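S.K.: Structure provided below as structure tokens; questions to follow.
The values are calculated or read from the model by the stated rules, or taken from the named source; none is laboratory data. Just so it is clear, the structure is predicted and the values come from calculations on it, not from any experiment. So basically every Cβ, Gly included, is an ideal-geometry build from the backbone, and we count neighbours across all protein chains shown. Surface accessibility is based on the protein's heavy atoms, side chains included, excluding ligands, DNA and RNA. Shrake-Rupley method; radii C 1.70, N 1.55, O 1.52, S 1.80 Å.
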Amino acid sequence: MTNGPRVSACLGFDFDAQSLWIGSMGSNSPSMISRGEFGAAAIPRILGLLERSDARATFCIPGHTVYAYPDLVRRIRDAGHELGHHGWVHENPQKFDRDGERRNLERGFEAFDKVVGVRPRGYRSPAWDFSENTVDLLLEFGFDYDSSCMGSDVYPYYLRQGDKVSPTEPYVFGEPTNLVEVPVTWGLDDFPPFEFVWGTNPGLTSPSDIEEIWRGDFDYAYEHSPGSVYALTMHPQVIGRGHRMLMLERLVNHIGDHDGTVFETIGAYVDRWRADNPLDRWKAEHPAYATPGTRAAG
Ligand SMILES: [Zn+2]
């Protein structure tokens, strides 16, 4: 990438609210579900930080949350941020058949259409899980990009269709599609280090530890990866706590102090990346991602 920013910082906020505890965690405990309500309480302070930093961000929101907090979703839209599709009720796509997964995607679109009149062009799977049908369905719905997979770090790639996975046979690579993947990683997600979940996730890490990790990945990308994307995944109900907001503001200031960085939406970055990396040329330049079939005899 020759033109454009040296590093694009895409601040991602997955506004799950109650849906995370209902869908992913399967909880019906009102007190556990109320953790999600704090996400709604934290949205104004996050919008304030973004405004002070002149940053445009991407908010991925399940349809369930769009219906629960229509006024907040309108505020996010009106502040110029991107709205991304994040499932219906933070369900795991693997727990549904093809038609069930399709219906969840439809319900997410319906919520955005009814409440804010927006059709998201990007998808982030709840908890980053895919089923074997997900790529087919994302193409069927005409998504422009996904941001749930982890096959790269600071450069996007085109997602494949038709990989064959077996514990006994060599890996069979499918064909790259026109769907851009903006990769994520648990190391740049606030939930594992910070959110305490009984028996599964100790959380409650000191923000200075996470600041060192998050800064390190930005600094490395800035030094070594021109035209890259630095994508953070945060949750208002997690990052919105005071000590973590202070850390995020320090990090945003650190990034902003570097010439040639921009805070933009994932969609804006994808537009530039796709124009600079047309599929056929990208395939020729990236055989490790793009050569189909079984690559060596087993
Ligand atoms: Zn989520």
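S.K.: Give me the percent of the accessible area of the chain that comes from carbon and sulfur atoms, probe 1.4 Å, all protein chains in place. Present the calculation step by step, with values, prior to reporting the outcome.
M.R.: On the way: 6740 of 13170 Å².
Accessible surface attributable to carbon and sulfur in the chain totals 51 percent.
S.K.: Still on this structure, please answer the following. Please check the chain for the longest run free of chymotrypsin sites (Phe, Trp or Tyr not before Pro) that are loop-located per DSSP (anything but H, G, I, E, B) and have at most 13 other Cβ atoms within 10 Å.
M.R.: That gives 1-170 as the longest site-free run.
S.K.: Suppose each label sits 7 Å from its Cα in the direction of the beta carbon; what would the E37-D209 distance come out to in nanometres?
M.R.: About 3.1 nm separates the two model spin labels.
S.K.: Quick one: Karplus J couplings for segment 33-40, per residue in order, coefficients 6.51, -1.76, 1.60, θ = phi - 60°, nearest Hz, x for Gly and Pro?
M.R.: Karplus-based 3J(HN,Hα) across segment 33-40 equals 5, 5, 4, x, 4, 4, x, 5 Hz.
S.K.: Over what distance in Å are the Cα centres of segment 224-241 and segment 83-100 separated?
M.R.: Comparing the Cα centres of segment 224-241 and segment 83-100, I get a distance of 23 Å.
S.K.: Grab the Cα-Cα distance for A275 and D54, subtract it from 0.36 nm times how many residues apart they are, and report the gain in nm with one decimal.
M.R.: In short, 77.1 nm is gained.
S.K.: A follow-up question, please. For E175 and Y67, compute 0.36 nm times the residue count separating them, minus their Cα-Cα distance, and round to one decimal in nm.
M.R.: Difference between extended and current length: 35.2 nm.
S.K.: Compute the accessible area per residue over the chain, keeping the other protein chains in place, probe 1.4 Å, unit Å².
M.R.: For the chain, the solvent-accessible area averages 44 Å² per residue.
S.K.: Please work out whether segment 1-137 counts as rounded, prolate or oblate from its C-alpha gyration tensor, where a ≥ b ≥ c are the square roots of the eigenvalues and a/c under 1.5 means rounded, while otherwise a/b larger than b/c means prolate and anything else oblate?
M.R.: Here segment 1-137 falls in the oblate category.
S.K.: Same structure again: Could you work out how far apart the two model spin labels at D259 and A79 are, taking each label as a point 7 Å from the Cα in the direction of the beta carbon, and quote it in nm?
M.R.: The two pseudo-label positions are separated by 3.1 nm.
S.K.: Whose amide H sits under 5 Å from the amide H of Y158, counting only residues 5 or more places off or on another chain, with H placed in the peptide plane?
M.R.: E181
S.K.: Any chance you could check the Cα centroid distance between segment 2-32 and segment 126-176 for me, in angstrom?
M.R.: 20 Å
S.K.: With n ≥ 4 as the cut-off for DSSP H runs, can you work out [θ] at 222 nm for the chain, using -39500 (n - 2.57) per run divided by the number of residues, rounded to the nearest 500?
M.R.: -12500 deg cm²/dmol
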